[in-house]
Amino acid sequence: MAVKWGVIGAGGIADRRTIPEGILGAESAELVAVQDIDAACIDEVAARYGVTKYEKEYDLLNDGNVEAVYIATPNFLHHGQVLAAAEAGKHVLCEKPRGLTLEECEEMVAACAAADVKLGVNFMMRFHACHTKIKEMIEAGDLGTVVMGRAELTCWYPPIAGAFRQDPAKGGGGAFADMGNHCVDLLEMLFGPTRRVSCFIGNLVQDYPAEDTAVAILEFDSGAKGIVDALFNVPDAASRQALEVYGSQGSVVSFGTIGQMSTGSLTAVIEGEARDYDADQEREEAQAETIEPEPVNMYAAHVEGFCAAIEDDTEPPITGEDGIWSHKVIEACYKSAAEGHAVAVE
């Protein structure tokens with residue numbers, strides 16, 4: 001039986017991707033209600049999908065037909081809405097970052113545990129077919145010892161009146177809080193937990209309070225290193241959205257897979273056996289292989305996994321505790337940027 005879903009904050013990414021591709025795209029999910037404070041928006045969205053509409057989130061949470069909610073409101077609203085959903089007995093899939101502070105994240109996990117409802121965080125890019133293929137290659141030893149990775153997510157985001165992502169008090173930060181956390185999450189999926197970070201942020205183009213430029217260096221428990229660059233100041237057409245992984249036996253790179261699209265391909269160079277040192281450093285033409293995994297809609301895959309957790313009473317694919325860890329890493333990055341030195345992630 002399909003899990004009945006309500007959506008809190010039905011404009012933006014919810015209407016653009018998560019509802020049509022995720023909830024409607026999942027066989028185990030059914031959309032029954034949507035909510036948004038924008039009356040014109042909610043009228044349009046409800047009519048498009050033929051579902052019940054609400055202007056207040058508490059009215060949606062009191063709808064007995066709703067079993068699970070997807071929360072896609074501005075970041076500063078997540079904490080109160082997750083607590084209200086837990087009190088109403090609804091399972092929760094919340095957009096990232098889940099809260100503005102570590103304390104908020106911990107309270108949300110505790111509230112959902114006390115109410116015996118599932119809590120997940122929408123790091124949907126873990127489900128991209130190219131990203132899962134890279135993980136398979138690493139686990140199979142195709143790349144040898146993995147030593148370094150890089151994840152890039154950039155866009156053109158000029159000043160917009162009222163934009164919460166441009167106000168640290170409402171978004172929890174700027175480019176790094178909004179996009180860098182996706183990149184960190186992907187690298188940790190491939191390399192394991194982060195143990196130390198060094199981060200640099202600033203404003204080079206946009207003049208709003210939140211940073212438009214962020215670069216972080218990560219050190220993982222394995223000793224491997226990672227680089228994350230998150231930028232609000234690069235034209236969309238110029239963005240590469242690159243994910244790169246390098247190891248002792250080769251490399252694998254994708255372009256355009258870090259973002260909202262579920263399509264893409266990989267370019268791999270696998271050398272296999274180690275060669276002797278070449279003092280001339282003459283690079284032979286790489287025998288690159290293009291790998292095109294069967295596309296998987298990452299929004300639908302995550303919703304399917306969350307519904308299965310409800311049905312089977314198991315942990316969601318990306319748990320509330322994962323959200324706590326993500327916050328700790330991002331918080332350490334901002335601390336590093338503010339204090340000017342590397343910071344350990346506790």
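Read-outs throughout are calculated quantities, based only on the coordinates presented, and are distinct from any laboratory measurement. Note that the structure is predicted; figures quoted are calculated from it, not measured. Backbone-built Cβ (ideal geometry, glycine too); neighbour counts: all protein chains shown.
Please work out the FRET efficiency for the pair Ala140 and Thr263, using the Cβ-Cβ distance as r and a Förster radius of 22 Å; give the result to the nearest 0.05.
0.40
Calculate, in nm to one decimal, what Tyr277 and Ala47 gain on full extension: separation in residues at 0.36 nm each, minus their alpha carbon distance.
That pair, Tyr277 and Ala47, stretches by 76.2 nm at full extension.
Want the number for Ile13 to Glu87: 0.36 nm per residue separation, take away the alpha-carbon distance, what's left?
Roughly 24.1 nm would be gained on extension.
Please identify the longest segment of the chain free of exposed trypsin sites (Lys or Arg not before Pro), where exposed means a DSSP state other than H, G, I, E or B and no more than 15 other Cβ atoms within 10 Å.
That would be 57-239.
Picking from Ala68, Ala151, Ala47, which is most flexible by a Gaussian network model of the chain using Cα springs under 10 Å?
Judging by the Gaussian network model, the answer is Ala47.
Note down the Stokes-Einstein diffusion coefficient of segment 225-278 in µm²/s, whole number, using a Kirkwood radius over alpha carbon pairs, 4 °C, and 1.567 mPa s.
This corresponds to a translational diffusion coefficient of 97 µm²/s.
Quick one: dipole size for segment 216-320, taken about the Cα centre, charges +1 on Lys/Arg Cβ and -1 on Asp/Glu Cβ, in debye to the nearest 20.
Computed charge dipole of segment 216-320: roughly 440 debye.
What is the set of long-range amide H partners of Arg195 at a cut-off below 5 Å, with H atoms built 1.01 Å from backbone N?
When sequence neighbours closer than 5 places are left aside, the close amide H contacts are Glu219, Phe220, Asp221.
If you take all C-alpha pairs in segment 177-227, what percent of them are over 18 Å apart?
Tail of the P(r) past 18 Å holds 34 percent of the pairs.
Once the Cα gyration tensor of segment 1-150 is found, what semi-axes does its equivalent ellipsoid get, as square roots of 5 times the eigenvalues, in whole Å, sorted largest first?
Each semi-axis is √(5λ); the values are 30, 19, 14 Å.
Lys/Arg Cβ at +1, Asp/Glu Cβ at -1, dipole of the chain taken about the Cα centre: which of Asn181, Cys307, Thr73 is farthest positive-ward?
Thr73
Using θ = phi - 60° and the Karplus curve 6.51 cos²θ - 1.76 cosθ + 1.60, what whole-Hz ³J(HN,Hα) does each residue of segment 84-91 get, with Gly and Pro shown as x?
5, 5, 4, 4, 7, x, 9, 5
Using the Karplus curve 6.51 cos²θ - 1.76 cosθ + 1.60 with θ = phi - 60°, work out ³J(HN,Hα) for each residue of segment 191-204 in order, rounded to whole Hz, and write x for Gly and Pro.
Once rounded to whole Hz, the list reads 10, x, x, 7, 10, 7, 9, 9, 9, 10, 9, x, 10, 10.
Which percent, to the nearest 5, of DSSP beta bridges fully inside the chain are antiparallel?
Approximately 60 percent, going by the DSSP bridge assignments.
Could you state the angle between the C-alpha long axis of helix 39-49 and the longest principal axis of the C-alpha atoms of the chain, as a value from 0 to 90 degrees rounded to the nearest 10?
It is inclined by approximately 80 degrees.
Rank the residues Phe176, Phe220 as a footprinting-exposure proxy: fewest other Cβ atoms within 10 Å of their Cβ go first.
If I rank by nearby Cβ atoms, fewest first, I get Phe220, Phe176.
Of Asp312, Asp229, Asp212, which is the most mobile in a GNM of the chain whose springs link Cα atoms less than 10 angstrom apart?
Asp312
Every cysteine in the chain with no other Cys Cβ under 4.7 Å from its Cβ, please list them in numeric order.
When partners are defined as cysteine Cβ atoms under 4.7 Å apart, the chain leaves Cys41, Cys94, Cys105, Cys112, Cys130, Cys155, Cys183, Cys307 without one.
Which ³J(HN,Hα) values in Hz, rounded to whole numbers, follow from the phi angles of segment 152-159 under the Karplus curve 6.51 cos²θ - 1.76 cosθ + 1.60, where θ = phi - 60° and Gly and Pro get x?
After applying 6.51 cos²θ - 1.76 cosθ + 1.60, I find 10, 9, 9, 6, 9, 9, x, x Hz.
Under 15 Å from a label point 7 Å along Cα→Cβ of His341: give me every residue in segment 190-205 with its amide N that close.
Residues 197-199 fall inside that zone.
Near the amide H of Gly247, under 5 Å away, which other amide H atoms are found, from residues 5 or more places off or on another chain, if H is placed in the peptide plane?
Under 5 Å from the amide H of Gly247 lie the amide H atoms of Val147, each far enough along the sequence or on another chain.
What list of whole percents do you get for P(r) of segment 196-346, with Cα-Cα distances grouped in 10 Å bins up to the one holding the largest distance?
Going from the shortest bin to the longest, the percentages are 9, 23, 33, 27, 8, 1, 0.
Give me Rg over Rh for segment 36-111, both radii from the alpha carbons and Rh done the Kirkwood way, two decimal places.
With Rg and the Kirkwood Rh in hand, the quotient comes to 0.99.
Sorted from largest down, give the three principal axis spans of the alpha carbons of the chain, whole angstrom values.
Reported extents, whole Å, longest axis first: 71, 44, 39.
Consider a paramagnetic label point 7 Å from the Cα of Ala110 along Cα→Cβ; state which residues of segment 321-339 have an amide N under 15 Å from it.
Residues passing the 15 Å test: 321, 324.
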